[in-house]
Amino acid sequence: MTFDHLRLRVPLALAGWGALAATALPGGSPLRWIPVSLFICFGPGLALLHPQRGPLRPAARIEAVALAAPLSLALAVTVTTTLFLVRGFSATAFLVTLAALTTVAAALPGLPLPAATRGAVGGDRRKGR
């Protein structure tokens, strides 16, 4: 694992725990809801999609950013629904579960992106057909 991979994985793994810590701030404070909202909307998806094996070209980077929000929100809905079904939902339980899943996902290789498999990853463009 290279230093570049760690530069992205470590902040992604810590983002959920930072959002959880932000919930200790006063209720209406932007310092509370901005990190929590950004983490819920992008954290898990970016952890699942990044980092890829090689440097991503613009097409694959755009694809990763475009897919991060729907993937994050789908995971958030799944966690929320599961917690409601087991009658264990709370904001803390939700964020702890999402942060733990994000931490695990950040430790694993990213999911393959279709643009990356079509030659949008650095290297010879003729191979990516």
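Things to note:
- Hits in segment 17-40 (condition: out of contact with any helix residue (DSSP H, G or I) (no Cβ under 9 Å at 6 or more places or on another chain) and among the small types (Gly, Ala, Ser)): Gly28
- Filter result for Val96 (of a type outside the set (Lys, Arg), assigned to a helix (DSSP H, G or I) and modelled with pLDDT of 95 or more): yes
- Enumeration of residues in segment 4-24 that are part of a loop (DSSP other than H, G, I, E, B) and either open to solvent by less than 70 Å² (accessible area, probe 1.4 Å) or closer than 12 Å to Ala99 by Cα (or both): Thr23
- Annotation note: of Val104, Val79, the sole residue that is over 21 Å from Ile62 (Cβ atoms), at pLDDT below 95 and part of a helix (DSSP H, G or I) is Val104.
- Asp124 passes every criterion in (1) charged (D, E, K, R); (2) under 27 Å from Glu63 (Cβ atoms); (3) modelled with pLDDT of 95 or more apart from (3).
The values are calculated or read from the model by the stated rules, or taken from the named source; none is laboratory data. Note that this is a predicted model, so its numbers are computed, not measured. Here the Cβ is made from the backbone with ideal geometry for all residues, glycine too, and neighbour counts use every protein chain on show. Heads up: the accessible areas ignore ligands, DNA and RNA and are worked out on the full protein's heavy atoms, side chains in. Shrake-Rupley method; radii C 1.70, N 1.55, O 1.52, S 1.80 Å.
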